[in-house]
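Since the structure comes first, as structure tokens, the remarks are kept for the end.
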């Protein structure tokens, strides 16, 4: 019998309604944005980037509000490809070890004699001692300074390698630490760039790592590539302040010597701080994830000599009091001083896991880019090109849909109408999924949607042709429809699996426009199979149960 269980009907209906609810905000916000842009242009005599604030305010809170992003080729903006000079970081890390190495060897003066730093290869620290017979003792003492690497690929390994030859000790980063340093440097660069770009008020920039040492930066809605470069080059403000109090009142009264600063992780928490910082980010040499004496994840930091003296005096006088680490006028963390920190380095402990410790270390280092960046590509794309592309894509989509609708109705009559309704549901599901995952719609992505519209009815064609064949056996309309779906299923699955595999390969191996095409094509294949097998069949079953026809024409 031609039947669909009630729970299956409800599931199909829920999926369709969910697709509608997820896709609808895109159309609703676009109307609000055009209205706001027109008002802004009349009042200010200029055209500005659309603002979603009014649209979000008018949209009901209980409905989904995720939006599909427009790519750079549709909205216009700036494109940069930057290369991070990772080699510069090694030299800085090695220079940071010199004070500890010097103090360690000074404690062994009777064995190693005098010590003197020598010029060495880039990324190495070479120290010459006056008593070569004490070289092994010097190597062992410096090796004791090694710390375990906090990264998945460096578990069980140390951060430095120490060797000796003749009267010279050589220290350099281990290979595992170099790899971990590269990853941290790229993460830090990504974090800094993201913070800088987010301050511009642009929506959904694309900031991602490419390869070992390159970063792709695409910001829709920004004026030019030069403007974006200037924005990225802005230096963050990192300061360390005494904490006066903390609370939840955003309007708390402060005097002229105090600041009221919001917490980075908790929007409802505010700190009252002394206006004059103890030290600033200019004094911070390094910040790395590590472990405390109990083996728990922590964050270590190190100041330069001037910062170390100022911080040592302050912590000695304020044991037990909290101090705030402020980045760009937001409190990153406010740890309590457990003891005087006089050596220029300290440790922040808390309820961290390894990932949180890495994140905090990145934030503490986010005051300045860790290494010089060379811009390999610079492009500015005008917004008018994007609007032309959107208009052309709309026309192409409408033409494709109309052509498919006319052909299906002409070929299959009422069953073609059912396929047409399913086609509309298919398009809604595509936009709904793109909105749900925060996908970016590009010009090649529009091409993928247009192609999907043309391919979407293939499965219905297979089913309908199979139903025609079954009707010739005089089995009756209900049995013919049931057998048509059952016997066409394998052909539908085989045909779409091969195309989906191609879409996956394009996504994995391609980049940029190719991936945009692959995303919409892959999603379109999944939604097409769903609408053809379930939505169209549900429509036919509902019609059949209502009319109970003795004969049907397909």
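The values are calculated or read from the model by the stated rules, or taken from the named source; none is laboratory data. Source: prediction; values computed, not measured. Reconstructed Cβ throughout: ideal geometry from the backbone, glycine too, with neighbour counts over all protein chains shown.
Quickly run through the range 292-306 and pick out the residues that are in contact (Cβ under 8 Å) with a residue 24 or more places away in the chain and over 27 Å from the mean Cα position of the chain (by Cα).
Of everything in the range 292-306, those that are in contact (Cβ under 8 Å) with a residue 24 or more places away in the chain and over 27 Å from the mean Cα position of the chain (by Cα) turn out to be 292, 296, 302, 303, 304, 305.
Any chance the range 302-318 includes a residue that's part of a loop (DSSP other than H, G, I, E, B) and modelled with pLDDT of 85 or more?
Yes, because at least one residue in the range 302-318 is part of a loop (DSSP other than H, G, I, E, B) and modelled with pLDDT of 85 or more.
Could you check the range 264-276 and list, in sequence order, the residues that are at pLDDT 85 or above and within 25 Å of residue 312 (Cα to Cα)?
Scanning the range 264-276 gives 271, 272, 273, 274.
Which one is farthest from residue 310 (Cα to Cα), of the residues in the range 363-379 that are modelled with pLDDT of 70 or more and buried (at least 17 other Cβ atoms within 10 Å of the Cβ)?
373
Please state which of the following conditions residue 529 fails to meet, knowing it meets all the rest: (1) at negative phi; (2) free of Cβ contacts under 8 Å to residues at least 60 places away in the same chain.
Residue 529 satisfies every listed condition except (2).
Consider the range 277-301. How many of its residues are in a loop (DSSP other than H, G, I, E, B) and either at pLDDT 85 or above or within 15 Å of residue 334 (Cα to Cα) (or both)?
Qualifying residue count for the region: 2.
Could you list all residues from the range 319-349 that are free of Cβ contacts under 8 Å to residues at least 40 places away in the same chain and not in a strand (DSSP E or B)?
Answer for the range 319-349, where residues must be free of Cβ contacts under 8 Å to residues at least 40 places away in the same chain and not in a strand (DSSP E or B): 319, 320, 335, 337, 338, 339, 340, 341, 342, 343.
When the range 255-276 is examined, which residues are found to be surrounded by 15 or more Cβ atoms within 10 Å (Cβ to Cβ) and assigned to a loop (DSSP other than H, G, I, E, B)?
Residues satisfying the conditions are 264, 269.
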